[in-house]
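A short write-up of the structure that comes next.
Any read-out appearing in this document is the output of simple, stated calculations on the displayed coordinates, not a laboratory observation. Everything numeric here is computed off the predicted structure, so don't read it as measured data. When we count neighbours, we look across all protein chains shown, and the Cβ atoms used for this are built from the backbone with ideal geometry, even at glycine.
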Amino acid sequence: MASILKVDDLRGNTSAGDITITSEGGAATQSLQHGLNKCWLNFESDITTPAIRDSLNVSSLDDIGTGRYRVNYSNNFNAAKEYAGGGMTVRGGNSKGAFVALDSQGNINFATNGTSISVTRSDNTLADQDIVSMLLTGDLA
Amino acid sequence: MASELRVDTLKDSSGNNSVGMAYVAGGSAKVWANLNGNTFGLRDSFAVSSATDLGAGDYTINFTNSMNNDDYSVSVNAGDSAKSYPRLCACGTSQDSGFATSSHGITTLRPDTLVGDDMEFVNSSVHGDLA
């Protein structure tokens with residue numbers, strides 16, 4: 001019989017920040033909290049003011065130049081430079097492909113409360129794009 | 001004492017915002033890693049047993065728990081604050097190691113030369129089913 005648990009706050013019993021889940025194949029157990037995506041973002045930047053379409057754990061987005069942005073978090077990460085920024089993608093409104101990097105003009109700002117990112121086209125120029133998305137994993141404070 | 005809760009669906013106390021446990025477990029990252037490719041070493045990670053330096057811009061992330069198969073998804077990113085060419089990219093596979101149940105490879109490249117290049121920050125997240 002299917003079961004439903006109605007709850008607003010999940011906490012570990014032994015340690016509040018550590019709930020164990022069993023793997024899909026049943027061979028291993030891992031921490032739920034450590035594996036949850038802590039931040040994701042989809043925004044449009046090829047307009048006058050970049051606009052967030054949807055997000056998780058993002059308080060605001062700053063436009064710091066063509067193809068350059070700072071993402072500010074609602075809840076801080078545990079340590080600067082020690083979380084992972086995978087899954088950054090971009091879709092442009094032109095024929096050139098593009099990619100998103102964590103750095104911005106050589107200045108890494110990989111802080112607990114936000115990070116700077118840059119979008120570069122395949123012709124090696126910074127560019128604003130129609131759809132920019134990112135995904136962060138790691139430990140929150 | 002450790003406790004175990006068996007449930008199919010989670011909702012908030014109002015009965016809204018429903019999420020099935022399949023999404024909770026299946027949608028969580030099973031591995032993530034943040035490594036320094038310049039000095040080579042893991043800064044922080046989850047479910048990573050070790051990382052291997054295979055050469056310039058070429059790394060392997062080894063998992064603590066094996067994935068169910070090699071059909072999982074890897075998201076990667078890289079950057080370096082000390083280099084004058086910030087626009088570098090990372091790929092999910094390398095020349096020396098692709099996707100395996102116990103590891104995956106990462107290659108970081110200069111986009112202008114497409115030559116492997118070590119980076120200050122090399123990040124990856126793995127989504128898929130564990131064994």
Inset, instruction - Towards the positive end of the charge dipole of the protein assembly as shown, with charges on Cβ (+1 Lys, Arg; -1 Asp, Glu), say which of A:35, A:116, B:42 has the farthest Cα. - result: A:116
Inset, instruction - Between beta-carbons, use under 12 Å as the cut-off and find the net charge around residue A:24, counting Lys and Arg +1, Asp and Glu -1. - result: 0
Inset, instruction - Taking all pairs of distinct Cα atoms, average 1/r, flip it, and tell me the Kirkwood hydrodynamic radius of the protein assembly as shown in Å to one decimal place. - result: 19.3 Å
Legend entry - Hz values of 3J(HN,Hα) by residue in the range B:70-77 - Karplus curve (6.51, -1.76, 1.60), Gly and Pro given as x: 9, 9, 7, 10, 10, 10, 10, 7
Legend entry - Projected label distance in nm at residue A:2 and residue A:42, using a 7 Å step from Cα toward the beta-carbon: 2.5 nm
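What average number of partner chain Cβ atoms lie no more than 10 Å from the Cβ of the residues making up B:22-34? Could the numbers behind the result be given before it?
On the way: counts 1, 0, 6, 7, 1, 3, 10, 13, 6, 5, 12, 3, 10.
Average neighbour count from other chains, rounded to a whole number: 6.
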Inset, instruction - Choose one of B:62, B:106, B:19: the residue whose Cα lies farthest towards the positive end of the charge dipole of the protein assembly as shown (beta-carbon charges +1 Lys, Arg; -1 Asp, Glu; about the Cα centre). - result: B:19
Legend entry - Built amide H within the under 5 Å cut-off of residue A:65, gap 5+: none
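Around residue B:16, under 12 Å between beta carbons, what's the net of Lys plus Arg minus Asp minus Glu among the other residues? Intermediate values should be presented prior to the final figure.
Working: positive: A:6, B:11; negative: A:8, B:12.
Overall, the nearby charge balance is 0.
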Inset, instruction - Given a cut-off of 23 Å, name the pairs among A:38/B:11; A:38/B:83; B:30/B:83; A:81/B:83 whose C-alpha atoms lie farther apart than that in the structure shown. - result: A:38/B:83; B:30/B:83
